[in-house]
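Structure first, commentary second.
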Amino acid sequence: MNPRAVTASFKQQAIQFMADPQWIIPSIVSPFLFTMVMLYIHQDVTGPVVLQAVLGGGVLGMWANTIFASSFTISYDRMNGTFESMLLSPTKIFDILIGRSIWNAFIGLVNALLVFAIAEMIFRTGVSLANPIGFFFILALTLMSLASFGMLISTAFVFSRMGRFFSSVAEYPIYVISGALVPISALPVGLQHISYLLAPSWGVDAMRYAAFEGYGSMMGTSLLTDIIMMVMLSIAVLIIAYFIMNKAERAILSAGSATRY
Amino acid sequence: MTCPEYAIVAEGLTRTYGPFIPGSAGKVAVDGISFKVRKGEIYGILGPNGAGKTTTIKMLSTMLTPTSGLAEVLGMDVRDGKNIRALRKRINVVSGGERGLYYRLSGRQNLEFFADLYGIPKKDQKALIESLLSLVELIEAADIKVENYSRGMKQRIHIARSLINSPEILFLDEPTIGLDPEISRGIRSLIKKLSDGGTTVILTTHYMFEAEELCDNMVILSRGRIVGKGTVDDIKSSISRVSSLKIITEEDPSDVTASLCRENLDAVTSRLLNERYLTKITLNNADRAFTAIEDLFRPYAISSVGVEEPTLEDAYLTLVNEGL
């Protein structure tokens, strides 16, 4: 990995991102509305339900941001002709996208906290976390797991300009399957198997451990197992993304499709 | 095969698009072209739209894998994946038009980003970027977002970006397209300066005067094949059989002009402001036909006769049309 390129793309992504006010919609408005809907469905605005809803909204915010940013940046590069300039440089596309994904994860954390703060401000339920430090540590790890997923999704956009369809299809299923919306145990058995393969599922479970006093794992695992599984699966996804990205680079040089948008 | 004298050696270079490329399925974009570019020269690739100029540049700059043939750039085979990143450090590309920059970043931020992608040490970046901004005369606009730049400014920041790695070979794909004459002249002057400094420049352009002014050597492509190659003079002389004969007469020679047209000669008469008549005749063999034609016009009181040699544009059009 090229640290210089990672830092440069992080900075470039930050400037680009902040200059485009569209990010507010998927990152804050959408998860916030979702949180409100969850609360009104439950007709209960007491501690645990608010926390469950806010947690779901926060994860949706992080995921929506990851998928929006992962798809938008490469689409923008293709549309704007900068993808060719990037590709022409000696830096691997993977390194550039790592920097961008780290920014996306960072802004996702900010979004999650904003959702939490706004919900708390409106409902004033005095939500408390069982283990605040552990919660934010796990939240950061979960964000990294989402960022690694974002890397995998980005490969679709390197391969083809039509990647946006893939990202649209992936957004809500991942959210449901990871257990952020409903407990994994409530999903059909077939989907539960897929849940265990997703790093964010373990992250969501671990976050609940840290948030709720006396939480009984929906996956039947300990907090440590959740964290280990999340980290290992994230690394595995990153490795897969790395190989797919290299293959994608070769494929677009062969097909001559780098300039299509 | 490594030729230190040459920056680029292309032999039988071919590119065919695959069956799933919309609008180009199975199309042979470049068909077995061969040429050599000496280090430090400005080499033109001319041809009409769709002739294969951009495809050739893409193959030579590692952006497109050739289907077959050899392409050696700075002694490295562009088909070998192991060479690609090493080669990219030593070359760069400027495409005409407004795409290829981050519009929400300033000119300076764009250069800083690409300097990092090219691994330029941080300690050298500031001075390098300042010198490039100065070279393209954008010091004062350096901190303005690119989205607020004029087309000419965007093209100049493109050129600055392409020089960030001090490339040994610079590929310029229609660098003055759509620019006003003053900015175009500035860019041509910059290209000469780069060449004088030892940079090999590969230039595609539709402007013949630009090619004539800048290029040491060139190829003319038509439908993916080379139809002309050499210096400007070589290209012109390759069609020297085609000349224009200009005859000015005191009286209207339209009758003769019409009879020449009937003999399939391209002849046109027009009336001049000073009550005289100018007839232009395109000849395939000037030496043989000259005297005979002059005799035909003598009864109309010839005041002057001249032979106009072909321009690069004449040669280009002839070669391209022959290649169709």
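The values are calculated or read from the model by the stated rules, or taken from the named source; none is laboratory data. Keep in mind that this is a model prediction, so the values were computed, not measured. Please note: Cβ atoms are built from the backbone with ideal geometry, for glycine as well, and neighbour counts cover all protein chains shown. Areas reflect the complete protein model, heavy atoms only, side chains present, ligands, DNA and RNA absent. Shrake-Rupley method; radii C 1.70, N 1.55, O 1.52, S 1.80 Å.
Of note:
- Computed from the C-beta positions of B:Phe209 and B:Glu322, the FRET efficiency with R₀ = 30 Å rounds to 0.85.
- Cα gyration tensor, the stretch B:134-188 - rounded (a/c under 1.5), prolate or oblate: oblate
- Low-density loop cleavage sites - trypsin sites (Lys or Arg not before Pro) in the stretch B:185-249, where at most 16 other Cβ are within 10 Å (DSSP): B:Arg241
- Across the stretch B:150-157, coupling constants 3J(HN,Hα) worked out from phi with the 6.51/-1.76/1.60 Karplus curve, θ = phi - 60°, read 6, 4, x, 5, 4, 5, 5, 6 Hz, and Gly and Pro carry x.
- Partners of A:Lys11 within straight-line reach, counting lysines whose Cα lies under 25 Å from its Cα and excluding those fewer than 8 residues away in the same chain: A:Lys92, B:Lys89, B:Lys122, B:Lys123, B:Lys126, B:Lys145, B:Lys154.
- Inter-site label distance for A:Met79 and B:Asp234 at 7 Å from Cα along Cβ, in nm: 4.6
- In summary, the lysines within cross-link reach of B:Lys27, defined as a Cα separation below 23 angstrom excluding same-chain residues under 8 places away, comprise B:Lys53, B:Lys58.
- Total accessible area lost when B and A pair, probe 1.4 Å, Å² to nearest 100: 3200
- Shielding by partners, peptide A:73-85 (average Cβ within 10 angstrom, other chains): 4
- A crude spin-label estimate for the pair B:Val305 and B:Phe290, with each label 7 Å from Cα along the Cβ direction, gives 0.9 nm.
- Averaged per residue, the protein assembly as shown has 43 square angstrom of accessible surface, using a 1.4 angstrom probe with ligands and nucleic acids left out.
- Stretch gain in nm, segment A:Leu113-A:Leu191, where the contour uses 0.36 nm per residue and the Cα spacing is subtracted: 25.2 nm
- Positive-end extreme of charge dipole, the stretch B:6-237 - chosen from B:Ser195, B:Leu135, B:Leu170 (charges on Cβ): B:Leu170
- Cross-link partners of B:Lys280 among aspartates and glutamates (Cα-Cα below 20 Å; sequence separation of 8 or more within a chain): B:Glu250, B:Glu251, B:Asp252, B:Asp255, B:Glu263, B:Asp266, B:Glu294, B:Asp295, B:Glu308, B:Glu309, B:Glu313, B:Asp314
- Taking the DSSP bridge list for the protein assembly as shown and keeping only pairs wholly inside it, about 70 percent are antiparallel.
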